[in-house]
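Take a look at the structure below.
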Amino acid sequence: MYPTRILIIDDEKAIVQMIEIALRKEGFQNLYSAGTATDGMELLRANGADVILLDVMLPDRTGFELGPQIRALSNAHLIYLTARTTDLDRLTGFAVGGDDYVTKPFNPLEIAARIKARLRRDSAEPIASPKASSISDSRRLYDFGGFMLDERAGELRVSGTPVPCPAQAYQLLLFLCQNPDIVFSKSQLYESVWGFDGLSDDNTVMVHIRKIRERIEPDPSNPRYLLTVRGLGYKLVRVNRS
């Protein structure tokens, strides 16, 4: 049995029922559902949520419009469920706060597997890194000069100022901070952060790399910290203070 609170916002009753049946069989019991954006937001305010499954095409508003409103209230793991499959749609979903993007038709057991993978990742112990020996173990502070990640507080500070960071981008940045100066491929990052082996999604990783750069880099187009290693992947490096 999982105590995870899952909110489903989708106006297709057959899909909601299919998801609920699959999730209950997998041990998820705290399920809520709504057929409109308005009702979904009311349920979120009343009950909170750990995971939100959100359709894009809703009767009163699009899921893309709803994403920023959800993010203003909750850090829940937000998974878009939609028949819209273009790269632009996927990029839009991530840009407005989504952590994952699943296209219809889908196997509801995949949804359960993705949620379980996220739960495993959330409950896992931080990865120890010999490269991070200068980091305070007691406070888990990762100081890279121009920015600092405080793991205990769940806070990113850039030039001393707290900067909001979406949950999945934060997890990706945390993983890179724990493993500085190491090159990771997109598939390695996807498996390590999203926890779903064999379903690597280059767009997902690229979008979240961009979100991180927009927050930590003085010039995101010419990164100093989060570097692209051509043909290999990405690595996070410390910049010497002048």
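Only the coordinates and a few stated rules stand behind these numbers; no lab work does. Only a predicted model underlies this, so the values are computations on that prediction, with no experimental measurement involved. All Cβ positions, even for glycine, are placed from backbone atoms using ideal geometry, and neighbour counts span all protein chains on display.
With a cut-off of 8 Å between alpha carbons and a minimum separation of six or more residues, what is the relative contact order of the chain in percent?
The value is 14 percent.
Suppose every Lys and Arg Cβ carries +1 and every Asp and Glu Cβ carries -1, with no other charges. What dipole size does segment 149-229 come out with about its Cα centre, to the nearest 20 debye?
Magnitude of the dipole: close to 220 debye.
What do you get for the angle between helix 63-73 and the principal long axis of the chain? Use alpha-carbon atoms, 0 to 90 degrees, nearest ten.
It works out to around 60 degrees.
Using R₀ = 30 Å, calculate the FRET efficiency as 1/(1 + (r/R₀)^6) where r is the Cβ-Cβ separation of Met57 and Ala153; round to 0.05.
Result of the calculation: an efficiency of 0.20.
Would you please report the Å³ per residue occupied by the convex hull of the alpha carbon atoms in the chain?
Taking the convex hull of the Cα positions in the chain, it is 134 Å³ per residue.
Could you work out how far helix 13-25 tilts from the main Cα principal axis of the chain, as a 0 to 90 degree angle to the nearest 10?
60 degrees
Could you give the length gained by full extension between Asn222 and Asp89, i.e. 0.36 nm per residue of separation minus their alpha carbon distance, to one decimal place?
45.3 nm
Identify all lysines with a Cα-Cα distance to Lys235 below 29 Å; exclude those on the same chain that are fewer than 8 residues away in sequence.
Lys116, Lys131, Lys186, Lys211
With unit charges on the beta carbon (Lys/Arg positive, Asp/Glu negative), name the residue among Ile9, Gly48, Gln69 whose Cα is farthest towards the positive pole of the charge dipole of segment 2-123.
Most positive-ward Cα: Gly48.
Lys13: which lysines have alpha carbons under 22 Å from its alpha carbon, excluding same-chain residues fewer than 8 sequence positions away?
Lys25, Lys104
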